[in-house]
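The values are calculated or read from the model by the stated rules, or taken from the named source; none is laboratory data. It should be emphasised that the depicted structure is a prediction, and the values quoted were computed from it without experimental measurement. As a convention, Cβ positions derive from the backbone with ideal geometry for all residues, glycine included, and neighbour counts pool all protein chains shown.
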Amino acid sequence: MYRFTVTEGVHHGKDRVYKKGDTFESPYPMDEIFVGKFQRLSDVIYREEPAPKPQRPDTRMTFVFADATEVTAKFPLAQENNLRVFKDSTGGHAVASADVNDDELMNIAPTVLGTKKRVDEWLASYLQSDE
């Protein structure tokens, strides 16, 4: 990337028109392409753009079953294997044994699972390890 100042006339950039004295950046050596129209200020400009913030999985260990909705019907693996799946208002999922009373529910997954896909993956690995 190069940085230039317009020394003569105007330059029609991507988003605007640059007049004499204006500074802009270009990936092309404009001073060599249009001799006498631009003054090169620098050769290479490295822009540090912030890296996209990685989304961390939900690693909460606690889950309030009393405030959650049972969504077991959306998980055939859970239904077939005597498990129940619950989803809370923040989108977290917990898996519990169907043999336990509602007052004693406990998440058998290692953490609160953040998405339906993660629940499906965890159920598959959990059930595979039981075989």
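Meeting the requirement of 1 or more residues that are at pLDDT 90 or above, in contact with a helix residue (DSSP H, G or I) (Cβ under 7 Å, 6 or more places away or on another chain) and closer than 21 Å to residue 104 by Cα, the strands (runs of 3 or more DSSP E) wholly within the range 1-87 are 83-87. If the condition is being surrounded by 14 or more Cβ atoms within 10 Å (Cβ to Cβ) and either part of a loop (DSSP other than H, G, I, E, B) or among the small types (Gly, Ala, Ser) (or both), then the range 88-107 contributes 88, 92, 94, 96, 105, 107.
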